[in-house]
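Here is the structure we will look at.
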Amino acid sequence: MATISMTVNGKPVTANAEPRTLLVQFLRENLRLTGTHVGCDTSQCGACVVHLDGKAVKSCTTLAIACEGMSVTTIEGLAEGDVLHPMQEAFREHHGLQCGYCTPGMIMAAVDMVNRRGHALDEKTIREDLEGNICRCTGYHNIVKAVAAGAEAMGKGAAPVQAAAE
Ligand code: FES
Ligand code: FES
């Protein structure tokens, strides 16, 4: 067992886990933050995306122990109380989900995309950038619309994810 400490959604956490524990297991099983999903065992689906020191990573291919001392933001850390993050609100407004299984990873990847590529995202850019996230339900059309709208809304003064996590 190893003692692993990190900051998750702005709060310091410490837990004991095997050194082989994946970040997604640490979040779901040790911390009971079950919004981060596991949708594959091949690092392809993106359901497990979280932010590590402000950058999107697949938490199914990241060891928890490698995140010692780092800052993690999960889907649970995006909203401010009852107020959804603008990207969450855009997914709700534009029906960017059906079963919702892929949605936490989609939203975390989308916020990262905005942080990297700005607020004016065209369809081609969004589709290319989301290639690491798979959705089996929606056909992607409304996801693309939601990401474009969320990106624009984030540009109108909404706090980016890192600010929400601190
Ligand atoms: Fe991580 Fe599928 S669970 S990519
Ligand atoms: Fe069902 Fe994307 S909404 S997998």
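Read the figures in this text as sums done on the coordinates, not as results from a lab. This is a predicted model, so every value here is computed, not measured. No Cβ is skipped: glycine too gets one built from the backbone with ideal geometry, and neighbour counts run over all protein chains shown.
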- [ ] Residue by residue through region 3-25, note down the ones that are of a type in the set (A, V, I, L, M, F, W, C) and closer than 14 Å to G69 by Cα.
- [x] I4, M6, V8, V13, A15, L23
Task: Residue tally, condition within 16 Å of ligand 2 (Cβ to nearest atom) and among the charged types (D, E, K, R), over region 100-139 - done: 3
Task: Residue satisfying all of: in region 50-63; in a helix (DSSP H, G or I) and under 19 Å from G100 (Cα atoms); farthest from ligand 1 (Cβ to nearest atom) among these - done: S59
TODO: For T36, indicate whether it is in contact (Cβ under 8 Å) with a residue 60 or more places away in the chain, surrounded by 14 or more Cβ atoms within 10 Å (Cβ to Cβ) and assigned to a strand (DSSP E or B).
DONE: no
Open item on the list: Show the residue pairs meeting these rules: Cβ distance below 8 Å; 6+ apart or different chains; first residue within region 124-142 and free of Cβ contacts under 8 Å to residues at least 24 places away in the same chain and within 15 Å of V111 (Cα to Cα); second residue away from ligand 1 (no atom under 16 Å from the Cβ) and not aliphatic (A, V, I, L, M).
Closed with: T125/R117; R127/Y140; D129/R117
- [ ] Among what's in region 21-33 and is assigned to a helix (DSSP H, G or I) and among the aliphatic types (A, V, I, L, M), pick the residue that is farthest from ligand 2 (Cβ to nearest atom).
- [x] L23
- [ ] Give A47, A66 a once-over and let me know the one that is over 27 Å from K156 (Cα atoms), assigned to a loop (DSSP other than H, G, I, E, B) and either within 16 Å of ligand 1 (Cβ to nearest atom) or among the aliphatic types (A, V, I, L, M) (or both).
- [x] A47
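What do you reckon, is I143 under 14 Å from the mean Cα position of the chain (by Cα), on the phi < 0 side of the Ramachandran plot, crowded, with 24+ Cβ neighbours inside 10 Å and not basic (K, R)? Lay out the reasoning, then the answer.
Numbers: under 14 Å from the mean Cα position of the chain (by Cα): no; on the phi < 0 side of the Ramachandran plot: yes; crowded, with 24+ Cβ neighbours inside 10 Å: yes; not basic (K, R): yes.
So I143 fails the test.
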Task: Enumerated helices (runs of 4 or more DSSP H) restricted to region 86-132, each holding at least 2 residues that are in contact with a Pro (Cβ under 8 Å, 6 or more places away or on another chain) - done: 103-117
Task: Among the candidates I65, I4, residue that is among the hydrophobic types (A, V, I, L, M, F, W, C), surrounded by fewer than 19 Cβ atoms within 10 Å (Cβ to Cβ) and in contact with a strand residue (DSSP E or B) (Cβ under 6 Å, 6 or more places away or on another chain) - done: I65
Task: A151, sole failed condition from (1) more than 16 Å from L33 (Cβ to Cβ); (2) within 13 Å of ligand 2 (Cβ to nearest atom) - done: (2)
TODO: Please find, among G81, G105, G54, the residue that is at positive phi and in contact (Cβ under 8 Å) with a residue 60 or more places away in the chain.
DONE: G54
- [ ] Using the structure shown, decide if D112 is within 16 Å of ligand 1 (Cβ to nearest atom), under 15 Å from the mean Cα position of the chain (by Cα) and in contact (Cβ under 8 Å) with a residue 40 or more places away in the chain.
- [x] yes
